[in-house]
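Heads up, the thing below is written out as structure tokens.
The values are calculated or read from the model by the stated rules, or taken from the named source; none is laboratory data. Since this is a predicted model, take the numbers as computed values, not measurements. Don't worry about glycine lacking a Cβ; one is built from the backbone with ideal geometry, like all the others, and counts go over all protein chains shown. These accessible areas exclude ligands, DNA and RNA; they are computed on the full protein's heavy atoms, side chains included. Shrake-Rupley method; radii C 1.70, N 1.55, O 1.52, S 1.80 Å.
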Amino acid sequence: MVTEDVSALLAGTGLAHVDEDQAVAADPSLVLDVPGLIAEQLCDTEDQAVRETFAAGRTVRRGQGYSVRVAAPLSIHQAALDLCSGLAAEGVSLSGRKAYRVYADRITTASTTA
């Protein structure tokens, strides 16, 4: 059973007593629509976990642009946002700043409701 396998792996770390419900609550899985501009920037990132997660996402067309629907733990979404922090800087196009702001707002909203 999976729970027994995880307990065996965590036995040496002192985390074996953590319940499955507690582990899930610590890093919930979220399904978020990531703006296409953010997704394009993350396709070539050095972080393999983020790159694989966004490669597995589903493209959703909306109006003139698109989004990528990504199901991942909150920590992956936060890591992706950190990798795209350059889009929030001065001198970046308005669309880049808006895409960053929209994604940050979606992560914040989803994490408070999860």
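Worth pointing out:
- Judged by the gyration tensor of its Cα atoms, with axes a ≥ b ≥ c, region 28-114 is rounded; a/c sits under the 1.5 cut.
- Largest-first ordering by accessible area, 1.4 Å probe, given options VAL70, VAL31: VAL31, VAL70
- Here r is the Cβ-Cβ distance between GLN48 and ALA26 and R0 is 25 Å; the resulting FRET efficiency, rounded to 0.05, is 0.70.
- Summing charges over all other residues whose Cβ lies under 12 Å from the Cβ of SER67, with Lys and Arg as +1 and Asp and Glu as -1, gives +3.
- In terms of the mean number of neighbouring beta-carbon atoms within 10 Å, the peptides 56-64, 43-51, 72-80, 100-108 order highest first as 72-80, 100-108, 43-51, 56-64.
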